[in-house]
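Participant: Once you've had a glance at the structure underneath, I'll fire off some questions.
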Amino acid sequence: MDTFANESIEIVAERRLNFTNNFSFAEATGGQILDMARQVGASRPDAILILCTNLRGAPLVEQIEREMGSPVLDSVVLGLLGGLRSMSVDFSHVTHAGQVCAWTW
């Protein structure tokens, strides 16, 4: 949270799973992820961040964006798009990974 504050990014809501080991995040259900996103989305944030490479948020990005009306920044999707961008691959036609695919980087 301090990292975001240092960059002048305001956190209006947060939810955590409070798991104690990395593998546990892979066991989180889609329902758990959706519930957390909905709770955060109720605060009307500028964006919803799903941050954990073992958390399966990427398949839920479109649904969360439709329901909440906020772009979803999933760390796995962002990592993939960053890698594609570094190779000059055009990913603007990708639609199933959320609004971020259409943004100009």
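Participant: Would you check if R38 is under 15 Å from the mean Cα position of the chain (by Cα), loosely packed, with under 12 Cβ neighbours inside 10 Å and in a helix (DSSP H, G or I)?
Facilitator: No: the conditions fail for R38.
Participant: Next question, about the same structure. Is it true that some residue in segment 42-59 is touching a residue at least 12 places away in the same chain (Cβ under 8 Å), part of a helix (DSSP H, G or I) and closer than 23 Å to L80 by Cα?
Facilitator: There is at least one residue in segment 42-59 that is touching a residue at least 12 places away in the same chain (Cβ under 8 Å), part of a helix (DSSP H, G or I) and closer than 23 Å to L80 by Cα.
Participant: Show the residue pairs meeting these rules: Cβ distance below 8 Å; 6+ apart or different chains; first residue within segment 4-33 and closer than 13 Å to G57 by Cα; second residue in a loop (DSSP other than H, G, I, E, B) and aromatic (F, W, Y).
Facilitator: Final answer for the pair search is F25/F19; A28/F19.
Participant: Now a separate question. Does segment 41-53 hold any residues that are over 8 Å from the mean Cα position of the chain (by Cα), surrounded by fewer than 16 Cβ atoms within 10 Å (Cβ to Cβ) and not acidic (D, E), and which are they?
Facilitator: A42, S43, R44, A47, T53
Participant: Please count how many residues of segment 60-73 are more than 17 Å from I11 (Cβ to Cβ) and either outside any loop (DSSP other than H, G, I, E, B) or in contact with a strand residue (DSSP E or B) (Cβ under 7 Å, 6 or more places away or on another chain) (or both).
Facilitator: Summing the residues that are more than 17 Å from I11 (Cβ to Cβ) and either outside any loop (DSSP other than H, G, I, E, B) or in contact with a strand residue (DSSP E or B) (Cβ under 7 Å, 6 or more places away or on another chain) (or both) in segment 60-73 gives 8.
Participant: Right, another one. What are the residues in segment 64-90 that are more than 23 Å from N21 (Cβ to Cβ) and either within 10 Å of the chain's Cα centre (by Cα) or surrounded by 15 or more Cβ atoms within 10 Å (Cβ to Cβ) (or both), if any?
Facilitator: Across segment 64-90, the qualifying residues are I64, E65, M68, S70, P71, V72, L73, V77, L78, L80, L81, L84.
Readers should treat all values here as calculations from the given coordinates under stated rules, not as data from a laboratory. As the structure is a prediction and not an experimental result, all values here were calculated from the model. Methodologically, a virtual Cβ is constructed for each residue, glycine included, from the backbone with ideal geometry; neighbour enumeration extends over all protein chains shown.
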